[in-house]
1. Any residue in the range 203-217 that is free of Cβ contacts under 8 Å to residues at least 60 places away in the same chain sitting within a Cβ distance under 6 Å of a residue that is charged (D, E, K, R) and part of a helix (DSSP H, G or I)? List the pairs, counting only those 6 or more apart or interchain.
2. I'd like the residue in the range 146-160 that is under 17 Å from the mean Cα position of the chain (by Cα) and in a helix (DSSP H, G or I) and, out of all such residues, is surrounded by the fewest Cβ atoms within 10 Å (Cβ to Cβ).
3. For the list (1) modelled with pLDDT of 95 or more; (2) crowded, with 20+ Cβ neighbours inside 10 Å; (3) not aliphatic (A, V, I, L, M), I need the number of the one condition that N95 fails.
4. Can you pull out every residue in the range 62-80 that is surrounded by 21 or more Cβ atoms within 10 Å (Cβ to Cβ), closer than 13 Å to A112 by Cα and either under 14 Å from the mean Cα position of the chain (by Cα) or not aromatic (F, W, Y) (or both)?
5. Only one of (1) β-branched (V, I, T); (2) surrounded by fewer than 20 Cβ atoms within 10 Å (Cβ to Cβ); (3) in contact (Cβ under 8 Å) with a residue 24 or more places away in the chain; (4) closer than 29 Å to K29 by Cβ fails for T165. Which number is that?
Amino acid sequence: MSKVIIAPSILAANFLELGKDIEMLNQSKAEWIHIDVMDGMFVPNISFGFPILEAVRSITAKVCDVHLMVQQPERYFTEFKKAGADAISIHYEGNIHLHRCIQEIKSLGMKAGVVLNPHTSVAVLHDILMELDYVLLMSVNPGYGGQKFIETTVVKTKELKTLLTSKGAKALIQIDGGVTPANAKALIDAGADVLVAGSAVFKSPDPLATIEQMLNS
């Protein structure tokens, strides 16, 4: 089994103490920091943008993984690169020029990923998988933190792993939504490489131990 990456989502962090939460992650075994950007249009919620990413980037050397839940994300690729993004993922749903967007992200020197909502089949990625650095499977409906994990995501992860293997694709599988130490092992066994965890980490009485527990799953 390849190494598992934990990517805590700062959507669940304490924004009054965001610097302290990032410093905590710097001391943790998490390798990525997941940054959810929402515009209130593609999803009903609004989160944060360039200033927060810039602030996070200024105090961490970890991978800044930006998940864009916005309409016409291509408007912002260059600005997110300037703000410190190492990787950007965009949704399959609603992006009619997906291949062009992926190529633009990569041309800016960032890793590129595609996100699938819970209702979207992995089969839609057949013709673009070889271009991707990672695929993010939403295990909740996008837009809000703290939702309950959709159990069928485990089966979907296996399907994606089979598809990747059949094509010889090297894309990582990332899971986002309701991930906890209780379901981490099932996801890893199914083929997940990157686990995004928000509430499970930041609401834990011992976030460092929770991150390590998921790594050891």
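1. Pairs that qualify, where the first residue is free of Cβ contacts under 8 Å to residues at least 60 places away in the same chain and the partner is charged (D, E, K, R) and part of a helix (DSSP H, G or I): there are none.
2. V154
3. Unmet for N95, out of (1) modelled with pLDDT of 95 or more; (2) crowded, with 20+ Cβ neighbours inside 10 Å; (3) not aliphatic (A, V, I, L, M): (1).
4. C64, D65, V66, H67, L68, P73
5. Result: T165 fails condition (3) only.
The values are calculated or read from the model by the stated rules, or taken from the named source; none is laboratory data. Keep in mind the model is a prediction, meaning the values are calculated, not measured. Quick reminder, even Gly has a Cβ in these numbers, built from the backbone with ideal geometry, and neighbours come from all protein chains shown.
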